[in-house]
1. Among the residues in segment 84-93, are any in a loop (DSSP other than H, G, I, E, B) and among the hydrophobic types (A, V, I, L, M, F, W, C)?
2. Evaluate the following for residue 202: is it crowded, with 16+ Cβ neighbours inside 10 Å, in contact (Cβ under 8 Å) with a residue 40 or more places away in the chain, over 19 Å from residue 85 (Cβ atoms) and within 15 Å of ligand 1 (Cβ to nearest atom)?
3. Do you know which residues across segment 170-191 are away from ligand 1 (no atom under 12 Å from the Cβ), assigned to a loop (DSSP other than H, G, I, E, B) and surrounded by 19 or more Cβ atoms within 10 Å (Cβ to Cβ)?
4. Would you mind finding the one in 214, 253 that is more than 16 Å from ligand 2 (Cβ to nearest atom), among the polar types (S, T, N, Q), touching a residue at least 12 places away in the same chain (Cβ under 8 Å) and surrounded by fewer than 24 Cβ atoms within 10 Å (Cβ to Cβ)?
5. Being in a loop (DSSP other than H, G, I, E, B) and surrounded by fewer than 21 Cβ atoms within 10 Å (Cβ to Cβ) is the filter; apply it to segment 109-124 and report the residue that is nearest to ligand 2 (Cβ to nearest atom).
6. Looking only at segment 296-313, count how many residues are more than 26 Å from the chain's Cα centre (by Cα) and within 16 Å of ligand 1 (Cβ to nearest atom).
7. Look through 301, 246 and report the one residue that is away from ligand 2 (no atom under 16 Å from the Cβ) and either crowded, with 18+ Cβ neighbours inside 10 Å or in the same structural domain as residue 99 (by TED's automatic domain parsing) (or both).
8. Got a number for residues in segment 125-139 being in a loop (DSSP other than H, G, I, E, B), basic (Lys, Arg) and either on the phi > 0 side of the Ramachandran plot or more than 10 Å from ligand 1 (Cβ to nearest atom) (or both)?
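The values are calculated or read from the model by the stated rules, or taken from the named source; none is laboratory data. Treat the numbers as computed from the prediction; the structure is a model and nothing was measured. As a convention, Cβ positions derive from the backbone with ideal geometry for all residues, glycine included, and neighbour counts pool all protein chains shown.
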Amino acid sequence: MLVTLEPGADAQAIQCALVERGLWVRKLEGGASVEFWIESQSAAVERDGLLGIRGVASVAVPQRLHPLVDAQPRSIEIGPARIARGAPATVIAGPCSVESKAQILAIAERVAALGVGLLRGGAYKPRTSPYAFQGHGERALGWMREAADRFGLGVVTELLDQASAASVGAHADLIQIGSRSMQSFPLLRAAAELKKPILLKRGMSATVEEWLLSAEHCLVHGAPAVIFCERGIRGFDQNTRNLLDLGAVALLSEVHGLPVIVDPSHALGRRDLIPALSRAALAAGAVGLMLETHDQPGVALSDGPQALPPSELDALLRGLGLAATGKR
Ligand code: PEP
Ligand code: MN
């Protein structure tokens, strides 16, 4: 239930009164008036009793499950890029993993020359096997920031655990939450408290509702905006790595009006199909694409088979009508 206070009411006293009734209370600020969201299952709630508390203006059953998502900004500036429906599509490009300073500098130079605005790269990698390359961590963050700054790019990188939140926050412009972490709620909170926009990848088995509610967690804890990233859900066919859910892209984009970026690289796991699914993603309403790009995919330490060499990224962007016309 949603308890809205009268202007000038003593919010602290009202919060105490609610807690004393055994209610679980979350304070919502930032709107026109102070509101408390109360968990009505945690105790029998007498609506009339709550209305009797001095300073309470109304008690209502909320109509929306994720009000902050519904109200979040529709145009989001990240480094040199503007992410919005109707704006030129945003391209995030770069390697799966930051492998060395030389590698990220070389790739940053190539993608910047193609007019890409945001550089991606994993410093902390969520790998299925503990024996696979886990990323260079903090050092890679510094290499990536340096490369991005040298070529006028923004940085997109994954936050994998709370311990690295401060350093990821200090280096990144857009905080990526990986598919495997979409419902890691303490991590979402740590990411949100960095007060930077979040790129929230869809969990590989997550429903759209769960995805939206994870975004709500981010916004409740202070993230200025959430960009949704569809990266494929679990299918049964091994011919592609995952199943790109374009229906969900259209739903979030066209029905909810939310910004969705599609990552065809992880959805497909193979570079040959990336142009076709990139076209499809933009047609379905995506505001941008995240494209793994590597100058030497054959020796990449992770996800080489799905990485585009810069020449193929160039051809793709030309084919999409996104060839270099300035940063995007
Ligand atoms: C990634 O973007 O490098 C990544 C690990 O993606 P996902 O979380 O979608 O698997
Ligand atoms: Mn990858």
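1. yes
2. no
3. Within segment 170-191, 172, 173 qualify.
4. Among 214, 253, only 253 is more than 16 Å from ligand 2 (Cβ to nearest atom), among the polar types (S, T, N, Q), touching a residue at least 12 places away in the same chain (Cβ under 8 Å) and surrounded by fewer than 24 Cβ atoms within 10 Å (Cβ to Cβ).
5. Looking at residues that are in a loop (DSSP other than H, G, I, E, B) and surrounded by fewer than 21 Cβ atoms within 10 Å (Cβ to Cβ), I get 114.
6. Count: 0.
7. It is 246.
8. Count: 0.
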